[in-house]
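Each value in this text was obtained by applying a stated rule to the coordinates, not by laboratory testing. Being a predicted model, the structure only gives us computed values, none of them experimental. In this analysis, Cβ positions are derived from the backbone assuming ideal geometry, glycine residues included, and neighbour counts consider all displayed protein chains.
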Amino acid sequence: MSLLLAALALMAPLADLRVGEADGVVRLLLACAGPCEAEPSGDGGFLLRGVEDSLSIDLSEMGVTAVSIDPVPGGSRLLIETETEPRLVEVSACGAQTLCFDLDLRAPEGTGEGPPTMSSVAAALSAMAAKGAPRVSDLRLELFNLTGLPLDETSCDEAEEALEEDAWALDAYRHVALCRAGEGALSEADGLLARLLAYRPDPLAEAARAAIVRQMAPLAKDRSGAALR
């Protein structure tokens, strides 16, 4: 548990929960009302520290049979049940007080069949706990292929510095926006690119924004499973 959470002892309901799917990858986004973090629990789920909530959502049309959150000592337990075993489960902080859970449910390459059926992500979480979750981002690779701009830490820091020195350095502005996307802050990146495109035509920014929007997969669900408007 982080020092910040220990100091605040903050427990609050979720501010929002959204689910999106793109090309077989499902993203569950949890917006917390305060500082929060996630860690694998021993029962095949996640312990959400800083969150005290209770809900259950049916998302069977997206390959996720159910998402449930229940209060437990120290926070809340998150369980994500899937129709097929994920190839990868990745957890990241994708914004201020926001956690993203990405599940790769695509069928293995070279086969016409999906992976074995299972009731939860327990096996994937066990593998993650044993050797660490791979940090491979299809979006980062796609953005690099589209723009030729590297999204490593050094390149992103250089773009930030260039923009600080010259607020009209629009190429650096574009680069910073892509770095935000590479960090998982997709909404922020989309907003930055939208402002750039409102100022001038930019084919690279337009192509990158389209890729980001696809990744965001703006299918949102409220707690009853109805689409958010």
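Can you pull the percent of Cα pairs in the stretch 139-216 with separation above 20 Å? It would help to have the intermediate numbers written out before the result.
Numbers: 576 of 3003 pairs.
Of the Cα pairs, 19 percent sit more than 20 Å apart.
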Task: Efficiency of FRET between residue 68 and residue 92 - r from beta-carbon atoms, R0 25 angstrom, step 0.05 - done: 0.75
